[in-house]
């Protein structure tokens, strides 16, 4: 498979002159400066990425709508190569959710996300939240989910209740790679993969390695297990730029995932690299 046949479904961009990123201020790889579309394009130019999907960046609560509208203007640049946006939404809110969903449907929005792994377990178990997520599915859009490995049983309950829509599990369920633990995560990932509405996103893994250990060899057991559970029909690829800077950067991650895809047939590799994303996000 040609390396250029790849859609990045997890492209963060950070413009500190536009919105706030409080969570990133104490995360050394990205605690200062901007990480712009121009930066991304420069870093990936040798790999000829087929297209990207912007992923909301966990901005400060007061800024999530502002981020969407600003990135929309970035996407509208003639050479952006952005196929759409996965934007932040607040399904836990009874007031304002429907209005924001309706407003964004008319924009270049291909999906939604609300980060769960920084929230208490009960947050994603809220009835209002789950009913609102189902509205996203009724609108024909997927919902990206991000859970900690200790929350994967909750993720399965969530996915069971939202079984009439596509859910995309970010970062292979955030496996505890740094500790080397795999059994409990592996068991829960296997259980979650039994639900056909869940797709696994191959992203973020290099950032979860212990300092100085990010490599193909380190993440291989977790990648192999994810592939065994979900299969190439239910996996997509993402860079997690610029968070990937915590694990040797986007260029190394692209090379590592090229090795991963190179172990598959051309048809299987293409599904993970692009065609599954095109189907799920309708791009």
**OP:** Among residues belonging to segment 239-280 that are out of contact with any helix residue (DSSP H, G or I) (no Cβ under 8 Å at 6 or more places or on another chain) and within 22 Å of residue 35 (Cβ to Cβ), point out the one that is surrounded by the most Cβ atoms within 10 Å (Cβ to Cβ).
**Re:** 277
Original post:
Got a sec? Which helices (runs of 4 or more DSSP H) wholly within segment 1-107 have at least 3 residues that are under 19 Å from the mean Cα position of the chain (by Cα)?
Top reply: 37-44, 64-75
**OP:** Identify the single condition in (1) modelled with pLDDT of 95 or more; (2) in contact with a helix residue (DSSP H, G or I) (Cβ under 9 Å, 6 or more places away or on another chain); (3) within 25 Å of residue 147 (Cβ to Cβ); (4) surrounded by fewer than 17 Cβ atoms within 10 Å (Cβ to Cβ) that residue 96 does not satisfy, given that it satisfies every other one.
**Re:** (2)
Subject >> Criterion violated by residue 47 - all others in (1) farther than 22 Å from residue 240 by Cα; (2) modelled with pLDDT under 95; (3) surrounded by 14 or more Cβ atoms within 10 Å (Cβ to Cβ) satisfied >> reply: (1)
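The values are calculated or read from the model by the stated rules, or taken from the named source; none is laboratory data. Just so it is clear, the structure is predicted and the values come from calculations on it, not from any experiment. Note that we place each Cβ from the backbone using ideal geometry, even for glycine, and neighbour counts take in every protein chain shown.
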